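S.K.: Below is a structure I'd like to ask you about.
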Amino acid sequence: MKILAIETSCDETSCAVVRDGVQIVSNVIASSKTLQQQWGGIVPEIAAREQLRYMIPTLIDALTPVMDPKIPGNEIFSVYRAITECIDAIAVTVGPGLIGSLILGIEAAKTIAYVTGKPVIPVNHVLAHMYANFLTGVPAQGAKGNNTPSGPASGIPEDFFPAISLVVSGGHTELFLMESAVKLIWLGGTLDDAAGEAFDKSARVLGLGAGGGPAIQESAAKHVNPGSPSPAPLPRPLYRDGSLNFSFSGLKTAIMRDWGKLSDPTAKHRNMFAWELQESITDVLVAKSLLAAKTHCARSVMISGGVASNIRLRDKLCQKAQENDIYTFFPPVSLCTDNAAYIASCAYFRNNPLPWNRISVQPDLSVEVKG
Ligand code: KG4
Ligand code: ZN
């Protein structure tokens, strides 16, 4: 089964074709990130306007591997034929996300479904992130990083379940129990800011602009004395409260307070603060994931979402999980941030097709699935 997926929940425009939920045929991502950086963050209006420009070219690029090169000239006819003959369903992100951006992707998916008669599978963006762990094949285009495939060629085999799945992105920090590739139960999440949000806001306070988590990671890597006690230690929020919830908003406040006390902050100070922040967030994420794994007798822990790119988080999780005889999975860095391949994979495993006229935008779609 081949699924064509469309993802436009934030500032990316992405289209992908995925075979049987695991094999990436194409995964094309256009981002307005560079343009957005001038404004210090994502401006929803700019994101939607750029997505309007990118949608059709991205769609055509994603379909190119399944288009018949022998049909001369007529691109619209080739696209139509590729979808009618090679694609079984259209998957689209319906929420949560920015309403204008979501509408754009949804209307594109509905139009394709209307014209070709294919079913549409509505997808929850946050749940979909975790299916990046199931993907193999060509890495995402337009993204850099470690492209080592995470799991075996057919996704994650049955004996790695039950699994704990931590989705950790710019807008969400959520823990799920994954009893199988299909059966998910929400266990807990952040009470205030997401981990990615804490990275992004703190990066701005530390003068790293809109560089967010990647800029913090880079700065933290330059911290010269990571083993020594820090003069500006940060708390580990909710570390030992026994719950599976998170709270990260206090970290940004603490950084603002301590950074503001420095009369002449240097690059050395910045690196130390970045290191401290990264240590605090990753300590909490790893501790809660392992607590969830022990509570639910999980055999593996998988992470996904933009923050799952963080090298320190990956290293710490691997080490702690190994000590507890638990397997770990994380997607290649290129599949951690937003892309349509994992939307297609989620649609395949949680398949719930609807006629095009029953698809609607759900910007506040909940992630609290129960069994
Ligand atoms: O999943 P994603 O692309 O978008 C959302 O659905 O939110 O995640 C973006 C988030 C941003 O907050 C970004 O700062 C964070 O992922 N991020 C990182 C790293 N790379 C991206 N955070 C920490 N370390 C990284 N290396
Ligand atoms: Zn996302």
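S.K.: Over the chain, calculate the relative contact order: mean separation of alpha carbon pairs under 8 Å at least 6 apart, over the residue count, as a percent. Display every interim value, and only then the final one.
M.R.: Numbers: 822 pairs, mean separation 94.4, N = 371.
Relative contact order for the chain comes out at 25 percent.
S.K.: List the lysines whose Cα lies under 21 Å from the Cα of Lys201, skipping any in the same chain that are fewer than 8 positions away.
M.R.: Correct list for Lys201: Lys33, Lys222, Lys252, Lys261, Lys268.
S.K.: Please arrange Ser165, Ser14, Ser228, Ser249 by counting, for each residue, the other beta carbons lying within 10 Å of its beta carbon, fewest first. Mind showing how you got there, number by number?
M.R.: Working: Ser165 27, Ser14 30, Ser228 9, Ser249 15.
The fewest-first ordering by Cβ neighbours comes to Ser228, Ser249, Ser165, Ser14.
S.K.: Given points 7 Å out from each Cα along the Cα-Cβ axis, report the Ser230 to Leu354 separation in nanometres with one decimal.
M.R.: So the label points at Ser230 and Leu354 sit 4.4 nm apart.
S.K.: Quick check on the exposure proxy: order Tyr131, Tyr80, Tyr327, Tyr348 from fewest to most C-beta atoms within 10 angstrom. If you can, show how the numbers build up before the last one.
M.R.: Working: Tyr131 30, Tyr80 15, Tyr327 18, Tyr348 25.
In increasing order of surrounding Cβ atoms, one gets Tyr80, Tyr327, Tyr348, Tyr131.
S.K.: Where does each of Ile164, Ile255 land when they are ranked from fewest to most other beta-carbon atoms within 10 angstrom? Walk me through the intermediate numbers first.
M.R.: Working: Ile164 27, Ile255 23.
Ranking Ile164, Ile255 by Cβ neighbours within 10 Å, fewest first, gives Ile255, Ile164.
S.K.: Compute the angle between helix 99-116 and the longest alpha-carbon principal axis of the chain, please, reported from 0 to 90 degrees and rounded to the nearest 10.
M.R.: 20 degrees
S.K.: Hey, another quick one. Can you give the % of DSSP beta bridges in the chain that are antiparallel, to the nearest 5? Please list the in-between numbers first.
M.R.: Working: 26 of 46 bridges.
The answer is about 55 percent antiparallel.
S.K.: Also: Using only Cα atoms, find the angle between the long axis of helix 75-86 and the longest principal axis of the chain, and express it within 0 to 90 degrees, rounded to the nearest 10.
M.R.: 80 degrees
S.K.: Please get the size of the charge dipole for the chain, origin at its Cα centre, with Cβ charges of +1 on Lys and Arg and -1 on Asp and Glu, quoted in debye to the nearest 20. Could you put the intermediate results ahead of the total?
M.R.: Values: 31 positive and 33 negative charges, 60 e Å.
About 280 debye.
S.K.: Moving to a separate point now. Taking every Cα atom in segment 307-371, find the radius of gyration and the maximum pairwise distance Dmax, and write them in Å.
M.R.: Cα only, segment 307-371: 16.5, 51 Å (Rg, Dmax).
S.K.: Please give the contour-minus-distance gain from Ala267 to Lys183: 0.36 nm per residue of separation, less the Cα-Cα distance, rounded to one decimal in nm. Don't jump to the answer; show the numbers that get you there.
M.R.: Numbers: separation 84, 0.36 × 84 = 30.24 nm, distance 4.70 nm.
Here the answer is 25.5 nm.
S.K.: Using the Cα atoms of segment 171-318, I'd like the radius of gyration and the largest Cα-Cα distance, Dmax, both in angstrom.
M.R.: So, for segment 171-318, Rg and Dmax equal 15.7, 54 Å respectively.
S.K.: Please pull out the direction-averaged projected area of the chain, using the convex hull of its alpha-carbon atoms, in nm² to one decimal place.
M.R.: Values: hull surface 73.3 nm².
Averaging across all directions leaves 18.3 nm² for the Cα convex hull.
S.K.: What does the charge add up to near Lys33, with Lys and Arg as +1, Asp and Glu as -1, over the other residues with Cβ less than 9 Å from its Cβ? Could you put the intermediate results ahead of the total?
M.R.: Working: positive: none; negative: Asp11, Glu12.
After counting each charged neighbour, the total is -2.
Read the figures in this text as sums done on the coordinates, not as results from a lab. Small disclaimer: the values here were computed from a predicted structure and weren't measured. Reconstructed Cβ throughout: ideal geometry from the backbone, glycine too, with neighbour counts over all protein chains shown.
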